[in-house]
1. Determine, yes or no, whether Leu371 is surrounded by 23 or more Cβ atoms within 10 Å (Cβ to Cβ), within 13 Å of the ligand (Cβ to nearest atom), modelled with pLDDT under 95 and aliphatic (A, V, I, L, M).
2. Is it the case, given these coordinates, that Gly299 is touching a helix residue (DSSP H, G or I) at 6+ places or on another chain (Cβ under 9 Å), surrounded by 20 or more Cβ atoms within 10 Å (Cβ to Cβ) and either of a type in the set (Gly, Ala, Ser) or within 19 Å of Leu370 (Cα to Cα) (or both)?
3. Return yes when Lys590 is farther than 16 Å from Tyr248 by Cα, of a type outside the set (Gly, Ala, Ser), in contact with a Phe, Trp or Tyr (Cβ under 9 Å, 6 or more places away or on another chain) and within 16 Å of the ligand (Cβ to nearest atom) and no when it is not.
4. Among the residues of region 55-79, write down those that are over 20 Å from Ile158 (Cβ atoms) and touching a residue at least 12 places away in the same chain (Cβ under 8 Å).
5. Residues that are aromatic (Phe, Trp, Tyr) and either out of contact with any Phe, Trp or Tyr (no Cβ under 9 Å at 6 or more places or on another chain) or within 16 Å of the ligand (Cβ to nearest atom) (or both): does region 394-415 have at least one?
6. Suppose we keep only residues that are basic (Lys, Arg) and outside any loop (DSSP other than H, G, I, E, B) within region 463-495. Which one would you say is surrounded by the fewest Cβ atoms within 10 Å (Cβ to Cβ)?
7. Exactly one condition in (1) out of contact with any helix residue (DSSP H, G or I) (no Cβ under 8 Å at 6 or more places or on another chain); (2) within 16 Å of the ligand (Cβ to nearest atom); (3) of a type in the set (Val, Ile, Thr) is false for Val237; which is it?
8. Is at least one residue of region 496-509 assigned to a strand (DSSP E or B) and either touching a strand residue (DSSP E or B) at 6+ places or on another chain (Cβ under 9 Å) or of a type in the set (Lys, Arg) (or both)?
Amino acid sequence: MCGIFAAVSNESVTSTLVGGLGTLSYRGYDSSGIVVSNENGLVRRRAEGKLESLSALLSDQPVEGYVGIAHTRWATHGAPSVINAHPHMTDRVAVVHNGIIENYPALKASLEKDGYVFESETDSETIPQLISRNLDKGMSPAVALKDAVRQLDGSYAIAVVFADEPQTIYAARYGSPLVIGQGAAGHFISSDSIALSRVARNLCYLDDNEIAQITVDTLSITNADGITVAKEMKPLVVSQQDQGKQGYKHFMLKEIHQQPEVMRNTLNHYCDPATFTLKEEAFPANLSSFERLSIVACGTSYYAGMVARQWFERYACLPVDVDIASEYRYRESPLSTNTLALFISQSGETADSLAALRYSKEQGLTCLSLLNVETSSMAMESDCYLRTLAGAEIGVASTKAFTGQLLVLLLMSLQMGKASGRLDRDAERELIKHLFTLPVEMAKVIDEMANIDTVAASLMHSDHTMYLGRGMSFPLALEGALKLKEISYIHAEAYPAGELKHGPIALIDNKMPVVMIAPPGPMMGKTLSNLREVSSRGAQVILISNGAGIEMAKQHITQAIEVPETAPLLQPLLYTLPLQLLAYHVACMKGTDVDQPRNLAKSVTVE
Ligand code: G6P
C-alpha cells in the first residue's frame, strides 16, 4: 500500500526520491508525488498512474533541491487522481501519509469552520491543514506537528517538511511502519528498509508515538512526552539474493526459483541436519500446554493455515480453527485461555491480522505470530513469533513466503507433537530426514516443468477456470486459483472435489477448464472419479498428479503436469509449484503486470 520516502542529503534528492519510490512500488500504488524544498519554497510534482508518469512530469518540469518527501498512493479515500495524490500541502507545510485517519470528518469540519480550504477528498489532507492551523496560532514547526498528531485517531506514518524550516524533515508514526536510514550523503526515511539499501548504511525503526527530526547530519527522536530517545543504529543488511531480479524477467519468477533455498534455510534454522531432529530452542517453550489452536490470517497466509490445520491435527492431535482475520474479530466466538492464537503474515503489517492479534490479546489469549518481517508491527505486539526465512518478497502474488510458511507450520506441528509426547524420536527422525530432501526435490520440479507453457497457452483465452482437490489439495486449489486470478485476471474458483455435485458441477461445460490436483494417496481414487465426472460433461481437464495418476486418467484429460513421486509429507509443498508456474506463465502470455497486478497491494494496511 502507500509508500513513503524522504531525504535530506548533500546531493540533489529528486532522483533519489524517485528511485526510493521505485523500490517501494512493489507495495502497490496508483499515483505518486514529491515535494522538494528549495529556494522557491515547497515545490510539488504529482502524477496519476505508474511512476513513469511522475518521471515524465519531472523531465518536463524539473525540480531540484537537497530536501524532499515522496509518496506512492494506493487509493482509499478518494479516487486515484492527481488532486488526491500526496504530498498534501498548504503554503507552509507538506505531508506524505501512510495509514488512515479515522476521525478526519470531525477534524475536517472543524478546520473548514476556521476557514481552511481542502482541495482533495483524502483523509490525509487533514494533517497538513491541522499543522497549518497550529502554525497560524504561532506554534513552532516541532510543536505544531506534535500537537497535530496528538489529535489524530487511526494509524499514520508521516514525513513532513516545513517552508519555514527548509533543511529539516520530521517523521512520526502510530501503527504504520517507518524506518530511518543514515548514509554517506545524509539521512533518509522510508516505509521499509529495502528502499533504503541504495542510500543508507545504518538504520533504526521509529516506534509508535515517536517523532524524528532529520537534517543532513543530525537525527533526533523524541517520545510522546518530548523526552529524547537514544536509538541504536543497526547496520542495514539486505542480502544479495534479495536485490534486483537477478536475470529473471519478473520478481515473481525469481521468487519461485528461490524456494529450494528458502526450504534449505528454514530447515537449517529449525532442525539439526546432523541428527535429523528439531531444534527445540528454535520454538517457543510452552507449546505443549495448549489444548486448542486458533489460526488467523489473510490471503495466501490464510491458505497456508488451512493446509497446516491437517498437520496440527495429525501430528499434535490438536483441534484447530482457521479464520480469515477480517471475519474472526467480529465473530464473537467463545475464546478460552488454553487456546494458542497463531497469526500468519508475510508482512506482519496486514491491518486485519494486526487488529485480530490485538483483539485476541485483549481476550487474554497467548499470541504467536509466524512472520517474514521481524521488524513488523505484529512481531512487536505478539507474545512471541516464529520466522519464515523467505527473504524479501517483492512480487505481489506470494510464492516463496507461502511455501516458507508451510514448512515452518509443518515443523511447528511436529514440535508440538514431540513436546506432548505424541511423536517419538524415530518418527521425528524419519520425517525430518524426508524434509531435508525437499530443496533438491523442489529444484527438480521447478526445472522440469517442461510443458507448462503448452498448458498455460490452453488456459490463457479462458474467462473462467475451476480448481479442484481433496484434503490438503483443497487449500492448494484455493491458492492456485488465487494466483491465477491475481496476476492473469482470469476468474478462478476452487472447491473441494467432493463438493462438486453440490452445485459447482452446474458450471461445467466445454468453456470451463478444470485444474485437478490429485497427488497419490488415499484420496486419489475419489479425486479421479470427480475428474471423470467433469470430463464427461465436456470440461478440458488439466491434471496435476504423478505418472501413475496421469496414466490412470489419460482418457479423460486434455493436459497433464507430472510431479515426481515423493514422500506424502512433501506433497503440498511440491504440488504448489506447478500452480504458481501455471499462473505465472498464463499471466506472461496475457501480458499483464505480473509483479504489480492491478488494484492489488503487497501489504494491506487498511481494513
Ligand atoms: C495481500 C497480498 C497477498 C497476501 C495478503 C496477506 O493481499 O497481496 O499476497 O497473501 O495480503 O498478507 P500478509 O502479509 O499478512 O501475509
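The values are calculated or read from the model by the stated rules, or taken from the named source; none is laboratory data. Predicted model only: the values in this text are computed from it and were never measured. Methodologically, a virtual Cβ is constructed for each residue, glycine included, from the backbone with ideal geometry; neighbour enumeration extends over all protein chains shown.
1. On the way: surrounded by 23 or more Cβ atoms within 10 Å (Cβ to Cβ): yes; within 13 Å of the ligand (Cβ to nearest atom): yes; modelled with pLDDT under 95: no; aliphatic (A, V, I, L, M): yes.
Judged against the criteria, Leu371 is not a match.
2. Criteria met by Gly299.
3. On the way: farther than 16 Å from Tyr248 by Cα: yes; of a type outside the set (Gly, Ala, Ser): yes; in contact with a Phe, Trp or Tyr (Cβ under 9 Å, 6 or more places away or on another chain): yes; within 16 Å of the ligand (Cβ to nearest atom): no.
The answer is no for Lys590.
4. The answer is Ser55, Leu57, Leu58, Gln61, Pro62, Val63, Glu64, Tyr66, Ala79.
5. Yes, because at least one residue in region 394-415 is aromatic (Phe, Trp, Tyr) and either out of contact with any Phe, Trp or Tyr (no Cβ under 9 Å at 6 or more places or on another chain) or within 16 Å of the ligand (Cβ to nearest atom) (or both).
6. As a first pass, look at region 463-495 and keep what is basic (Lys, Arg): 470, 483, 485.
Narrowing the set further to residues that are outside any loop (DSSP other than H, G, I, E, B) leaves 483, 485.
Values: Lys483: 27, Lys485: 17.
Once the filter is applied, the top-ranked residue is Lys485.
7. (2)
8. The first filter runs over region 496-509 and keeps only residues assigned to a strand (DSSP E or B), leaving 496.
Now narrow it down to the ones that are either touching a strand residue (DSSP E or B) at 6+ places or on another chain (Cβ under 9 Å) or of a type in the set (Lys, Arg) (or both): 496.
Scanning region 496-509, I find at least one residue that is assigned to a strand (DSSP E or B) and either touching a strand residue (DSSP E or B) at 6+ places or on another chain (Cβ under 9 Å) or of a type in the set (Lys, Arg) (or both), so the answer is yes.
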